[in-house]
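The values are calculated or read from the model by the stated rules, or taken from the named source; none is laboratory data. This is a predicted model, so every value here is computed, not measured. As a convention, Cβ positions derive from the backbone with ideal geometry for all residues, glycine included, and neighbour counts pool all protein chains shown. Please note that ligands, DNA and RNA were not included when accessible areas were found on the heavy atoms of the full protein model with its side chains. Shrake-Rupley method; radii C 1.70, N 1.55, O 1.52, S 1.80 Å.
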Amino acid sequence: MATFTFNPADYTENDFAPIPVGDHRVRINDVVAKRFSSGNDGFELTLDVSGHTGKLWAYVVINPADPKKTNQRLGDFFNSFGITDYNLDHYRAWIGKIGGVRVKHEEYNGATSAKVAFFLNKKNQDKLPAWKGETNITASTNTEFVAVEEDDLPF
């Protein structure tokens, strides 16, 4: 391991205030295809929030047993981010897309956390300020799953 000496003078305690309740412009920072505890497949989205340093996570669950609800959920997501390529295998191309969400607060273990209540449709985003921040992030085309052995983990 590299030699390093911690300098407490270079440390500032973070204040992770939750993203405020309301409507926010967001950008997709990352997308991960995953299987949820329900057994359904879907996507975990990491969202940057315009004007804030915190991030949000949103989940799009694909439930083949309820195609109507799944199509509504996907349609709301695609509409919000202006996605017109509906091929779910192209999910890495969603990275960098800008859309909108409504944020709500929930209590969990005595702490308040911000959650995505729903995706805002394009019409309801007209009232939001323009995206503030870097817009030039590029989607990785690497969708290969990598096997990691327990011995490879640093903890």
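Computed values, structure above
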{"read-out": "Single unsatisfied condition, K97 versus (1) charged (D, E, K, R); (2) under 19 Å from S50 (Cβ atoms); (3) surrounded by fewer than 16 Cβ atoms within 10 Å (Cβ to Cβ); (4) modelled with pLDDT of 95 or more", "value": "(3)"}
{"read-out": "Filter result (among the hydrophobic types (A, V, I, L, M, F, W, C) and either at pLDDT below 90 or more than 16 Å from G99 (Cα to Cα) (or both)) within region 20-42", "value": "V21, V32, A33, F36"}
{"read-out": "Matching residues in region 119-141 - criterion: being open to solvent by 90 Å² or more (accessible area, probe 1.4 Å) and either modelled with pLDDT of 50 or more or touching a helix residue (DSSP H, G or I) at 6+ places or on another chain (Cβ under 8 Å) (or both)", "value": "K123, D126, K127, K132, E134, N136, T141"}
{"read-out": "Checklist (1) among the hydrophobic types (A, V, I, L, M, F, W, C); (2) more than 16 Å from the chain's Cα centre (by Cα); (3) closer than 23 Å to R27 by Cβ applied to W94, failing item", "value": "(2)"}
{"read-out": "Selected residue (only one of S38, S50 is within 19 Å of S113 (Cα to Cα) and small (G, A, S))", "value": "S50"}
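Yes/no matrix, rows are residues, columns are (1) among the polar types (S, T, N, Q); (2) open to solvent by 100 Å² or more (accessible area, probe 1.4 Å); (3) in contact with an Asp or Glu (Cβ under 9 Å, 6 or more places away or on another chain); (4) closer than 30 Å to I83 by Cα:
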site	(1), (2), (3), (4)
F16	no, yes, no, no
I19	no, no, no, yes
G22	no, no, no, yes
R35	no, yes, yes, yes
N40	yes, no, no, yes
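Conditions (1) open to solvent by 40 Å² or more (accessible area, probe 1.4 Å); (2) over 18 Å from the mean Cα position of the chain (by Cα); (3) touching a residue at least 24 places away in the same chain (Cβ under 8 Å), marked per residue:
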site	(1), (2), (3)
F6	yes, yes, no
V49	no, no, yes
K55	yes, no, yes
K69	yes, yes, no
